Amino acid sequence: MRLVSMTQAPPLGQSPASRRPRWGVIVVWGCVLGLLAILGFALIRSQQGPINVGGRIPDFSLTTFDGQTYNTANLRGQVILINFWASWCIPCEEEAAELEQAHQQFQDRGVVFLGVNYVDTEPEALAYLDRFGISYANGPDLGTAISQAFRMRGVPETYVVDGQGILVSRKIGPYASLQEIEAALEAALVASP
């Protein structure tokens, strides 16, 4: 009679190889779980949506193409118009001249215009600013940090902020006219102390 050790003999119908962990299956499940975690994070972030009118904007610093730095926390007491744009954005071109006109009209009333250049090259952005004669402060959104803080959906988007840092107006897409920009800025000036 021959004795067989239970640790050496596989159960009936099973080979020794089938008892070993299948690394391919483990890797696949690890990838699936990782993908689900990423999708869950993206879903939570998308549920937050853009900043709503009446909410406080996130403070940020913008270093312009000419090296000046603007920090929104230091601009409290002033109305701020923040315009996200790109040189490759055709709808941005539709409002560029009107934004510059509004800047010229409101700069002596304490309104600060900040242009935030989104996912662009510096030569193209500078050519765009030159083509439309834009004179207000503009700088690149390095690493898209500012647009992510605003949970921006696309360009152009414009945010008008009162002197307390509260969002008074949000425009997704280009402004239709100079009068529309003026109305948003006037409302912010009335709301500011």
(message) I need the P(r) histogram for segment 59-114: all alpha carbon pairs, bin width 10 Å from 0 out to the longest distance, whole percents.
(response) 21, 47, 31, 1
(request) Order the peptides 79-89, 26-36, 102-112 from the highest to the lowest mean number of other Cβ atoms within 10 Å of their residues. (result) 79-89, 102-112, 26-36
(request) Evaluate the Kirkwood expression for the hydrodynamic radius of segment 52-193, namely the inverse of the mean inverse distance over all pairs of different C-alpha atoms, and round to one decimal in Å. (result) 14.8 Å
(message) Output wanted: per-residue J couplings in Hz (rounded whole) for segment 80-86, from phi through Karplus 6.51 cos²θ - 1.76 cosθ + 1.60, θ = phi - 60°, x for Gly and Pro.
(response) 10, 10, 10, 10, 8, 8, 8
(request) Would you mind calculating the relative contact order of segment 96-181 from Cα pairs under 8 angstrom and at least 6 residues apart, reporting the percent as a whole number? (result) 29 percent
(request) Sort all Cα-Cα distances of segment 121-190 into consecutive 5 angstrom bins from zero, then give the percent of pairs in each bin up to the one containing the longest distance. (result) 3, 13, 18, 24, 24, 14, 4, 0
(request) Apply 1/(1 + (r/R0)^6) to the Cβ-Cβ distance of Thr144 and Ala191, taking R0 = 22 Å, and write down the FRET efficiency to the nearest 0.05. (result) 0.15
(message) Using a 1.4 Å probe on the protein heavy atoms, what percent of the accessible area of segment 64-130 belongs to carbon and sulfur?
(response) 47 percent
(request) Give the peptides 70-77, 154-161, 140-147 in descending order of average Cβ contacts within 10 Å, highest first. (result) 154-161, 140-147, 70-77
(request) At 0.36 nm per residue, minus the direct Cα-Cα distance, what do Trp23 and Asp108 gain on full extension? Give it in nm, one decimal, please. (result) 23.8 nm
(request) Set Lys and Arg Cβ to +1 and Asp and Glu Cβ to -1, take the dipole of segment 27-186 about its Cα centre, and tell me which of Val112, Cys31, Ile51 lies farthest positive. (result) Cys31
(message) What's the magnitude of the charge dipole for segment 86-193 around its Cα centre, counting Lys and Arg as +1 and Asp and Glu as -1 at the beta-carbon? Answer in Debye, nearest 20.
(response) 380 debye
(request) Read phi for every residue in segment 183-193 and hand back ³J(HN,Hα) as whole Hz from Karplus 6.51 cos²θ - 1.76 cosθ + 1.60, θ = phi - 60°, with x for Gly and Pro. (result) 4, 5, 5, 4, 4, 5, 5, 5, 6, 7, x
(request) Any chance you could run the full-extension gain for Val32 through Asn74? It's 0.36 nm times the residue separation minus the Cα-Cα distance, nm to one decimal. (result) 10.6 nm
(request) Determine the percent antiparallel among the DSSP beta bridges restricted to segment 73-193, to the nearest 5. (result) 50 percent
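The values are calculated or read from the model by the stated rules, or taken from the named source; none is laboratory data. Computed from a predicted model, the values in this text were never measured in an experiment. FYI the Cβ positions are ideal-geometry reconstructions off the backbone, even for glycines, and counts take in every protein chain you see. Accessible surface is based on the protein model in full, side chains and every heavy atom, while ligands, DNA and RNA are left aside. Shrake-Rupley method; radii C 1.70, N 1.55, O 1.52, S 1.80 Å.
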